Amino acid sequence: MANTILIGSQWGDEGKGKIIDVITTEHQWVVRYQGGNNAGHTVEIGDQKFVLHLLPSGMLREGCSCVIGNGVVIDPAALQKEIEEVEAQGIVTKGRLYVSDRAHMILPYHRLIDAYREGRATDKDKIGTTKRGIGPTYADKASRVGLRMGDMLDAAFPEMLAHRIQENNRILSSLGAPTVDEEECVDQILGLAKALSPYIADTVTLLNQADRRGESILFEGAQGVMLDIDYGTYPFVTSSNATAGGACTGSGIAPHRIERVIGVIKGYTTRVGEGPFPTELHDEAGEGLRKAGNEFGATTGRPRRCGWFDAVVARYAAMINGIDFWALTKLDVLDHQPVIKMCVAYEFEGRRYESVPASIRILEQCQPIYEEMPGWMSPTTEISRLEDMPIEARHYIARLEELTGVRAGIISVGPKRHSTFVIEDVYKPSL
Ligand code: GDP
Ligand code: IMO
Ligand code: MG
């Protein structure tokens with residue numbers, strides 16, 4: 001089995017959770033390597049629906065071991081809550097979930113700073129974060145003042161934590177923002193430290209040992225390429241590397257141990273939060289996609305902005321991540337569109353853009369250049385072979401492959417496990 005990175009290729013919510021769940025049968029390990037509980041990965045199994053924020057989606061496959069890697073930022077309260085929730089749904093976590101001792105902790109003051117900044121921002125500056133404290137936690141990591149999960153096991157942890165609370169309270173009160181109750185916070189985190197300590201491990205060694213034994217690892221990306229802090233629509237991004245490179249730094253597995261990269265991509269585009277989105281639809285077609293695709297945030301419940309497929313974004317994602325093949329999702333959402341558009345390039349001030357420009361001032365003024373294709377106007381959710389897909393849908397897939405230079409290896413036509421099929425000559429479980 002091949003060590004595989006699976007990433008989101010647009011602005012998140014491409015259906016990563018669902019595809020991870022389908023392909024975990026081939027992997028012994030699933031690793032989250034960046035982001036935090038800003039993510040919301042939905043997996044539907046039978047009539048049960050799980051929305052995972054921090055736990056790798058592999059938790060839902062018996063026999064699969066899971067790691068929350070060093071590149072993830074962890075809110076201990078959110079992790080404990082999620083563990084309790086899945087345990088209540090019959091999922092065993094002890095002995096199969098390992099949390100990196102190097103992962104940084106999201107603490108209550110990080111959430112307060114995130115909420116304060118978002119609340120104070122003008123319409124122009126607002127990022128539309130999930131207010132989970134992600135940005136301030138990664139900022140503390142880079143500033144070398146963060147606390148890590150392993151610190152919870154240190155005898156000096158209460159003093160370390162108290163010191164950080166005091167400093168952040170000084171910052172918060174100077175801003176006129178609410179502060180943290182020091183005693184209450186220390187007590188709460190110490191209680192969580194006790195509950196979570198059985199999960200804390202040296203996951204870098206653990207994963208490398210597993211790799212050496214020949215066990216196969218699946219890296220579960222969160223967010224998407226266009227939300228990556230380096231390659232996304234900065235500053236309207238998240239604060240980590242959601243691209244494939246993040247899998248190595250966020251887990252401690254060396255680049256040459258990775259054998260393939262799967263890009264999850266929707267047959268159209270969505271975005272939650274602020275920032276440029278060239279193919280966004282503000283009309284009934286956009287509303288239609290939101291309704292048919294049930295496009296509401298899995299973490300915050302916010303309506304997702306919807307638009308046509310953007311091949312410029314997809315080509316850019318393929319280039320940066322070395323995507324071997326697409327897992328193309330939510331094609332069924334287009335079942336009732338009489339005409340489907342696909343953006344092939346952008347235009348701004350008479351210039352044609354084939355790749356995503358770095359400047360968001362240019363990107364927000366770029367006009368999409370569209371190709372139109374007839375829709376298939378028939379249901380696809382029960383289809384399980386490419387040959388049985390309506391001819392218009394096959395043309396759509398073929399054109400998407402041509403425009404992006406990447407073949408589709410997995411096709412998803414519904415939220416459930418069975419609404420998925422593979423293209424045999426592209427998708428090879430073992431290399
Ligand atoms: P993630 O963050 O990339 O894991 O995606 P989300 O879970 O946030 O959003 C994807 C949504 O689409 C979830 O509600 C999934 O159950 C659903 N979904 C996934 N694949 C398909 C598909 O092929 N068709 C339809 N209709 N829904 C899908
Ligand atoms: P999954 O893994 C979609 C967006 C937020 C906001 C920006 C920054 O489910 O695809 P943050 O809280 O990270 O500082 O917010 O990033 N965002 C996501 N959008 N899917 C996600 O995760 C997201 N995680 C963060 O809406 O625009
Ligand atoms: Mg999501």
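Take the residues of region 128-175 that are part of a helix (DSSP H, G or I) and touching a Gly at 6+ places or on another chain (Cβ under 8 Å): which is surrounded by the fewest Cβ atoms within 10 Å (Cβ to Cβ)? The residue in question is 140.
Inside region 113-138, residues that are more than 10 Å from ligand 2 (Cβ to nearest atom) and aromatic (Phe, Trp, Tyr) make up a count of 1. Take residue 25 and decide whether it is assigned to a strand (DSSP E or B), assigned by TED's automatic domain parsing to the domain that holds residue 314 and surrounded by fewer than 24 Cβ atoms within 10 Å (Cβ to Cβ). So residue 25 does not fit the description; no.
Here is a yes/no grid of residues against (1) away from ligand 3 (no atom under 15 Å from the Cβ); (2) over 15 Å from the mean Cα position of the chain (by Cα):
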site: 15; (1), (2): no, no
site: 37; (1), (2): no, no
site: 56; (1), (2): no, no
site: 62; (1), (2): yes, yes
site: 68; (1), (2): yes, no
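A quick yes/no check of all residues on (1) out of contact with any His (no Cβ under 9 Å at 6 or more places or on another chain); (2) in a strand (DSSP E or B):
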{"site": "77", "(1), (2)": "yes, no"}
{"site": "82", "(1), (2)": "no, no"}
{"site": "87", "(1), (2)": "yes, no"}
{"site": "93", "(1), (2)": "yes, no"}
{"site": "98", "(1), (2)": "yes, yes"}
{"site": "109", "(1), (2)": "yes, no"}
{"site": "112", "(1), (2)": "yes, no"}
{"site": "115", "(1), (2)": "yes, no"}
{"site": "124", "(1), (2)": "yes, no"}
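Per-residue answers, yes or no, for (1) without any contact (Cβ under 8 Å) to a residue 12 or more places away in the chain; (2) closer than 24 Å to residue 23 by Cβ; (3) of a type outside the set (S, T, N, Q):
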{"residue": "55", "(1), (2), (3)": "no, yes, yes"}
{"residue": "79", "(1), (2), (3)": "no, no, yes"}
{"residue": "89", "(1), (2), (3)": "no, yes, no"}
{"residue": "115", "(1), (2), (3)": "no, no, yes"}
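State all residues of region 1-47 that are more than 6 Å from ligand 1 (Cβ to nearest atom) and among the polar types (S, T, N, Q); if no residue qualifies, say none. Residues satisfying the conditions are 3, 4, 9, 10, 24, 25, 28, 34, 37, 38.
Taking the criterion of being at positive phi and acidic (Asp, Glu), would at least one residue in region 9-18 satisfy it? Yes: region 9-18 contains one or more residues that are at positive phi and acidic (Asp, Glu).
Checked against (1) within 19 Å of residue 137 (Cα to Cα); (2) without any contact (Cβ under 8 Å) to a residue 12 or more places away in the chain, residue 193 passes all but condition (2).
The values are calculated or read from the model by the stated rules, or taken from the named source; none is laboratory data. Note that this is a predicted model, so its numbers are computed, not measured. Heads up, the Cβs are rebuilt from the backbone with ideal geometry, glycines too, and the neighbour counts pull from every protein chain shown.
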